[in-house]
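Data first, discussion second: the structure below is written as structure tokens.
The values are calculated or read from the model by the stated rules, or taken from the named source; none is laboratory data. All figures in this text were calculated on a predicted structure; none of them were measured in a lab. Please note: Cβ atoms are built from the backbone with ideal geometry, for glycine as well, and neighbour counts cover all protein chains shown. Side chains included, ligands, DNA and RNA excluded: accessible areas come from the protein's heavy atoms. Shrake-Rupley method; radii C 1.70, N 1.55, O 1.52, S 1.80 Å.
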Amino acid sequence: MNRYSDKSQGWNSVANHLIEDRAQYAIGAHVIQQWSEQLPEGSQVLELGCGAGFPVSSTLLSRHTLYAVEPAPILAKAFTKTFPKVILDLAPAEESTWFERNFDGIVAIGVFFLLNIDIQLRLLERCAHTLYVGGRLLFSAPWQCCYFHDSLTNRISCSLGREAYVEELGLLGLKLDREFYDEGENNYFSFIK
């Protein structure tokens, strides 16, 4: 499969490695836990790019009802095996129906920066329209505007940068309320509607 026809944005090609190497799944768990605690218990949360479910899904499920979207078939199969009661849509975030509903929270870790700028902007707009008032959006991306090779998928990736994300989401009614950093030197933006 060439890189342009891979709807998983490179994740399917590294899926078995991710599933086998569970030790790395602890990276960022404390960020997800802190963010999760900002939502009322029992909130409805959409996770874009859920992967095999660790640590994001497993952490969210301790407090909330989760809906998941995953484009990589190998990761989706592992996710469903571990979390059989979670509704999962096997589709890229930009093609999914997002279950035709609104959410209290949306999480997208390791997703947006793998997409081209136009798709990122469309997904950010969709997130803004899909969140309830008071809802929260958490996603990971480098704080600076940059192009880089993603360390896991080795794909050319693009971060719009903190300033552009704040501006774009501000126009859509969301405000940056917190930033997080984890032990893997990943940056997370938390917005509230």
Query - Of all residues making up the range 111-125, the number that are touching a strand residue (DSSP E or B) at 6+ places or on another chain (Cβ under 9 Å) and closer than 12 Å to GLU168 by Cβ - result: 5
Query raised in the report: Is it the case that GLU100 is in contact with a helix residue (DSSP H, G or I) (Cβ under 6 Å, 6 or more places away or on another chain), over 23 Å from ARG178 (Cα atoms), surrounded by fewer than 21 Cβ atoms within 10 Å (Cβ to Cβ) and modelled with pLDDT of 95 or more?
Result: no
Query raised in the report: In the range 60-71, is there at least one residue being closer than 17 Å to PHE112 by Cα and part of a loop (DSSP other than H, G, I, E, B)?
Result: yes
Query raised in the report: Looking at the range 110-137, which of the residues that are surrounded by fewer than 24 Cβ atoms within 10 Å (Cβ to Cβ) and not in a helix (DSSP H, G or I) is modelled with the lowest pLDDT?
Result: GLY110
Query raised in the report: Just for the range 1-42: of the residues that are open to solvent by less than 10 Å² (accessible area, probe 1.4 Å) and in a loop (DSSP other than H, G, I, E, B), which one is modelled with the highest pLDDT?
Result: LEU39
Query raised in the report: Given the conditions (1) small (Gly, Ala, Ser); (2) surrounded by fewer than 19 Cβ atoms within 10 Å (Cβ to Cβ); (3) closer than 22 Å to GLY28 by Cα; (4) out of contact with any Phe, Trp or Tyr (no Cβ under 8 Å at 6 or more places or on another chain), which single one is not true for ALA93?
Result: (2)
Report summary line: Checking SER140, SER157 in turn, the sole residue that is hydroxyl-bearing (Ser, Thr, Tyr), at pLDDT 95 or above and buried (at least 20 other Cβ atoms within 10 Å of the Cβ) turns out to be SER140
Query raised in the report: Does any residue of the range 44-51 turn out to be of a type in the set (S, T, N, Q), touching a residue at least 24 places away in the same chain (Cβ under 8 Å) and either part of a helix (DSSP H, G or I) or in contact with a helix residue (DSSP H, G or I) (Cβ under 9 Å, 6 or more places away or on another chain) (or both)?
Result: no
